[in-house]
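Chemist: Dumping the structure here so I can ask a few things about it.
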Amino acid sequence: MLYFGQICDIDAKSGRVKVNIPHLDIVTEFIPFLRMFAQDNSVSIPAAVNEVVLVGQTPEGYWAVLGAACNDSDKPYSGANNDKFGIKFANGTLLEHNIKSNETKIDTSGKVVVKADTVEITSTKVTITAPVIELKGAVNVSGMLSAGAGMSITGDATGSGTLSAKDVKAGAISLSTHVHPGVSPGSGVTGPAK
């Protein structure tokens, strides 16, 4: 038999819940909540108290929650439609893929942590928008590096190629316009650049 009820207690460690079934005027013991997988490749999605669920009872008397049910109070998240596969969390975080536009979205106000031995990103273009971007560690750039707003270096800079620039300055002295005083013919040495 199948009945609608509301979750009234949760044991997250065991993946079981108690369900109030008004039609039978009973509250079940802790019963399993069916999920996609439960062994090594497990999926854990926390249930919520007062969530409306469909429960079933076998002829032997065993109960199980078969899944949650949308209703007037619990509806799909705002923006959901037939083109979107999404997960909206209680804190507002949204994981969403639009099947029609092929766009994948991660929208959260918290921190996103990616931890792996190697991370590879392959794309025609990558855009990062942030007031400050920090790279901790050695950085190897195999293509052209462009800095439109300027560049500041606090350590030493070395290179094995040619440096081409409109001008190069050491302090206030310009490489292209500086002059040397005390010029004399022969083997004399000029004064410091100005």
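Chemist: Around ARG16, which amide H atoms from residues at least 5 apart in sequence, or from another chain, sit under 5 Å from its own amide H, with H modelled in the peptide plane?
Modeler: ASP11
Chemist: If you don't mind, there's one more thing I want to ask. Have a look at LEU95, ILE128, LEU163 and report the one farthest towards the positive end of the charge dipole of the chain, computed about the Cα centre with Cβ charges (Lys/Arg +1, Asp/Glu -1).
Modeler: Of the listed residues, the answer is LEU163.
Chemist: For the pair ALA38 and HIS180, how long in nm is the line joining their label points, each one 7 Å along Cα→Cβ?
Modeler: Result: 8.6 nm between the two label points.
Chemist: In Å, what Kirkwood hydrodynamic radius results for the range 2-68 from the alpha-carbon pair distances?
Modeler: Final number for the Kirkwood radius of the range 2-68 is 12.0 Å.
Chemist: In whole Å and largest first, what semi-axes does the C-alpha gyration tensor of the range 91-133 yield when each eigenvalue is scaled by 5 and square-rooted?
Modeler: 19, 18, 13
Chemist: For labels at ASN71 and LEU163 in the simple 7 Å Cα→Cβ model, what's the distance in nm?
Modeler: Simple spin-label model gives 7.2 nm for this pair.
Chemist: Once you've got the GNM for the chain with C-alpha springs shorter than 10 Å, pick whichever of PRO59, PRO131, PRO46 has the biggest mean-square fluctuation.
Modeler: Looking only at PRO59, PRO131, PRO46, the largest GNM fluctuation is found for PRO131.
Chemist: Roughly how many debye, to the nearest 20, is the charge dipole of the chain about its Cα centre, given +1 on each Lys and Arg Cβ, -1 on each Asp and Glu Cβ, and no other charges?
Modeler: Dipole magnitude for the chain comes out near 960 debye.
Chemist: Among (i) 59, 33, 27; (ii) 103, 46, 28; (iii) 113, 32, 25, find the value of Cα extents along the principal axes in Å that was calculated from the structure presented, and write down its label.
Modeler: (iii)
Chemist: Calculate the translational D of the range 103-194 in whole µm² s⁻¹ from Stokes-Einstein, where the hydrodynamic radius comes from the Kirkwood formula applied to all Cα pairs, the temperature is 20 °C and the viscosity 1.002 mPa s.
Modeler: 110 µm²/s
Chemist: Then there's this: Pairs of Cα atoms under 8 Å, at least six residues apart: use those to get the relative contact order of the chain, whole percent.
Modeler: Relative contact order of the chain: 10 percent.
Chemist: Let me ask something else about it. When the Cα centres of the range 147-184 and the range 1-74 are compared, how far apart do they sit, in Å?
Modeler: 71 Å
Chemist: Might you report the magnitude of the Cβ-based charge dipole of the range 122-194 about its Cα centre, with Lys and Arg at +1 and Asp and Glu at -1, to the nearest 20 debye?
Modeler: 120 debye
Chemist: Hey, another quick one. Over the range 29-109, what relative contact order in percent results from Cα pairs under 8 Å that are six or more residues apart?
Modeler: 18 percent
Chemist: Continuing with the same structure: With springs only between Cα atoms under 10 Å, which of ASP117, ASP74, ASP167 fluctuates most in a Gaussian network model of the chain?
Modeler: ASP167
Chemist: Okay, moving on. Under the 0.36 nm per residue contour assumption, what length would be gained going from the current alpha-carbon distance of LEU145 and ALA170 to full extension? Write out the running numbers ahead of the final one.
Modeler: Numbers: separation 25, 0.36 × 25 = 9.00 nm, distance 2.27 nm.
Net length gain for the segment: 6.7 nm.
Chemist: Can you tally the net charge around ILE21? Count Lys and Arg as +1, Asp and Glu as -1, for every other residue whose Cβ sits under 14 Å from the Cβ of ILE21.
Modeler: Around ILE21, the surrounding residues sum to -3.
Chemist: When DSSP assigns beta bridges and you keep just the ones with both residues in the range 1-140, what percent turn out antiparallel, to the nearest 5?
Modeler: Within the range 1-140, antiparallel bridges account for around 95 percent of the total.
Chemist: Counting other Cβ atoms within 10 Å of each Cβ, which trypsin sites (Lys or Arg not before Pro) in the range 1-48 have at most 12 and sit in a DSSP loop?
Modeler: Numbers: sites: LYS13, ARG16, LYS18, ARG35; in loops: LYS13, ARG35.
Listed in order of number, the matching sites are LYS13.
Chemist: Got the relative contact order for the range 2-68 handy, in percent, Cα pairs under 8 Å and 6 or more residues apart?
Modeler: Taking the mean separation of contacting Cα pairs over the length of the range 2-68, I get 34 percent.
Chemist: Now for a different question. Which stretch or stretches of the range 25-44 have amide N atoms under 11 Å from the point lying 7 Å from ALA64's Cα along the Cα→Cβ direction?
Modeler: Only 32-36 pass the distance filter.
Chemist: Which one of GLY86, GLY161, GLY137 has the biggest mean-square fluctuation once the chain is modelled by GNM with Cα springs under 10 Å?
Modeler: Checking each option, the largest mean-square fluctuation is seen for GLY161.
Chemist: Find, among the trypsin sites (Lys or Arg not before Pro) in the range 96-184, those assigned to loop by DSSP (not H, G, I, E, B) with at most 14 other beta-carbon atoms within 10 angstrom.
Modeler: Passing sites in the range 96-184 are LYS100, LYS111, LYS115, LYS125, LYS136, LYS166.
Chemist: Hey, another quick one. If we count GluC sites (Glu not before Pro) as exposed when they sit in a DSSP loop and have at most 15 other beta carbons within 10 Å, what is the longest stretch of the chain that avoids them all?
Modeler: Values: sites that count: GLU29, GLU60, GLU120, GLU134.
After excluding every exposed loop site, the longest remaining stretch is 135-194.
Taken together, the values in this text are just the output of simple stated rules run on the coordinates, not laboratory data. Everything numeric here is computed off the predicted structure, so don't read it as measured data. Here the Cβ is made from the backbone with ideal geometry for all residues, glycine too, and neighbour counts use every protein chain on show.
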